[in-house]
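The values are calculated or read from the model by the stated rules, or taken from the named source; none is laboratory data. All values reported here derive from a predicted model rather than from experimental measurement. Using ideal geometry, Cβ is built from the backbone for each residue, glycine included, and neighbour counts are taken over all protein chains shown. Protein only, heavy atoms only, side chains kept; ligands, DNA and RNA dropped before computing areas. Shrake-Rupley method; radii C 1.70, N 1.55, O 1.52, S 1.80 Å.
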Amino acid sequence: MTAASVLTASGRRPVYTPGGPALWKGRPLGPEAVLGLLEASVVHREGALLALSKPADLPVLGRPGELSLTALLPALRRRLGLPAELHVVKAPARECSGLVLLSACPRVTEQLQRSFTAARRRAQFPATYSAVTVGIPAEAEGEISVGLCWQQKGDAAAVVAVPSPGRRSVARGEVKCTLTRYRLLGAAGGCALLQLQPRTAFPEQLQVHLTLLLCPALGDHRHASRVGTVLGEPFLLPPQETPTPCTQVLDAELMSRLQLSPHHRLPLHLHLQQLVLPHTVLSAPPPPHFLRTLRLLGLPSPPLPPH
């Protein structure tokens, strides 16, 4: 495990101590180091297509002056000796790790984007994620189907669930009907390893869906506070009563098992592991921080889904 395995949202790298937690401190991880990490994470290269595994907390489109995948693509193209400019076809959100699909041909980019749209219309699930959750779902497998929308909360906007959206709000695009299929792969110490397959795409969809299962993702510092406990039993807090997003609160036993210090801030344990394309299937193993958590919790490594 290397210190360059994960990026923090602040652009700093975690320092891994032998057998200990990832501490969010140290020197900033510069463009050259990130480029080296991306180059080493290439999992597929064929014709105009390139696939690599993105570290957690690296944005695809960053704010001005922020290190981002898009800003690094020209330099990555030169390093790999590609003749044409790279475009992002599909990528996980900033907080997530996992597969990024890149194309050096605009026509191929358009064809792939159309294929993903067509797959969703055929009720297929081209993307498969792995997640470590705090909590174990009541059912070993199932689907989460709910409307999602943006809701203003103070000075910030948050994604919230709308259990029974009206037809007009859906037609106007104010609410989007979303669906995720999940399967339990393993459980230990009150945590679980889940396989997630979203059929729809909405910002933070998987994190919100996991909170509705009362099993927030480990390292979800935005939505985990919606799940409270009474006498050890989890329950869902209304959005208006949810505390301001902050570092996810973990109980002392879990902190001990994960060998975490009180000031430690875990990266999100949500990894885009597999993408099904028209003529091939791409996959990427989870990053070191994810595998380390599985080992400490006694959870199995996520298998590659059948295709």
(request) Express in whole angstrom the spacing between the alpha-carbon centres of the range 243-282 and the range 139-177. (result) 23 Å
(request) Could you run the Debye sum over the Cα atoms of the range 53-178, one equal point scatterer each and no solvent, and tell me log10 of I(q)/I(0) at q = 0.11, 0.13 Å⁻¹, two decimals? (result) -0.59, -0.82
(request) Considering Cα pairs under 8 angstrom that are at least six residues apart, work out the relative contact order of the chain and quote it in whole percent. (result) 18 percent
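Give the accessible surface of the chain per residue, rounded to a whole number of Å², with probe radius 1.4 Å and ligands, DNA and RNA excluded. Intermediate results must be reported in sequence, preceding the final value.
Details: 15050 Å² over 307 residues.
Accessible area per residue: 49 Å².
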(request) Within 10 Å, count the other beta carbons around each residue, average over each peptide in 262-270, 216-224, 198-206, and list them highest first. (result) 216-224, 262-270, 198-206
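Where the accessible area of the chain is counted over protein heavy atoms with a 1.4 Å probe, how much of it, in %, is carbon and sulfur? Working shown, then result.
Numbers: 8230 of 15050 Å².
Ligands and nucleic acids excluded, carbon and sulfur reach 55 percent.
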(request) Rounded to the nearest 0.05, what FRET efficiency do Arg114 and Glu32 give with R0 = 35 Å and r taken as the Cβ-Cβ distance? Could you check? (result) 0.45
(message) Full-extension gain between Leu82 and Val42, please, as 0.36 nm times their residue separation minus the C-alpha to C-alpha distance.
(response) 13.1 nm
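To the nearest 500 deg cm²/dmol, what mean residue ellipticity at 222 nm is calculated for the chain from DSSP H runs of n ≥ 4 alone, each contributing -39,500 (n - 2.57), summed and divided by the residues?
Details: 7 runs with 67 residues, N = 307.
Mean residue ellipticity at 222 nm (helix-derived): -6500 deg cm²/dmol.
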(message) Quick check on the range 99-167: what does the Kirkwood estimate of hydrodynamic radius come out to from the alpha carbon pairs, in Å?
(response) 16.2 Å
(request) Give me the compactness ratio for the chain, meaning the Cα radius of gyration over 2.2 N^0.38 Å. (result) 0.99
(request) Would you kindly derive the ³J(HN,Hα) couplings of the range 267-276 from the backbone phi angles with the Karplus curve 6.51 cos²θ - 1.76 cosθ + 1.60 (θ = phi - 60°), listing them in order in whole Hz, with x for Gly and Pro? (result) x, 5, 8, 9, 10, 6, 9, 9, 10, 9
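Sorting check: for 85-94, 279-288, which peptide has the highest mean count of neighbouring beta carbons within 10 Å, and how do the rest follow?
Details: 85-94: 18.9, 279-288: 17.1.
Output ranking for 85-94, 279-288: 85-94, 279-288.
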(message) Could you tell me the relative contact order of the range 150-303? Use alpha-carbon pairs under 8 Å, at least six residues apart, and round to a whole percent.
(response) 18 percent
(message) List residues of the range 159-181, by number, whose backbone nitrogen lies under 14 Å from a label position 7 Å along Cα→C-beta of Ser145.
(response) 163-165, 177-181
(request) At 20 °C and 1.002 mPa s, grab the translational diffusion coefficient of the range 136-234 from Stokes-Einstein with a Kirkwood Rh over Cα pairs, rounded to a whole number in µm² per second. (result) 148 µm²/s
(request) Take the Cα of Lys153, step 7 Å along the line toward its Cβ, and report every residue of the range 213-237 whose backbone nitrogen sits under 18 Å from that point. (result) 213-229, 235-237
(message) Report the rotationally averaged projected area of the range 37-83 based on its alpha-carbon convex hull, in square nanometres.
(response) 3.5 nm²
(message) Connecting C-alpha atoms closer than 10 Å in a GNM of the chain, tell me which of Gln259, Gln274, Gln207 has the biggest fluctuation.
(response) Gln259
(message) Pick from Cys191, Cys215, Cys177 the residue whose mean-square fluctuation is largest in a GNM of the chain, springs joining Cα atoms under 10 Å.
(response) Cys177
(message) Need one number: the % of Cα-Cα pairs in the range 57-131 sitting beyond the 21 Å mark.
(response) 37 percent
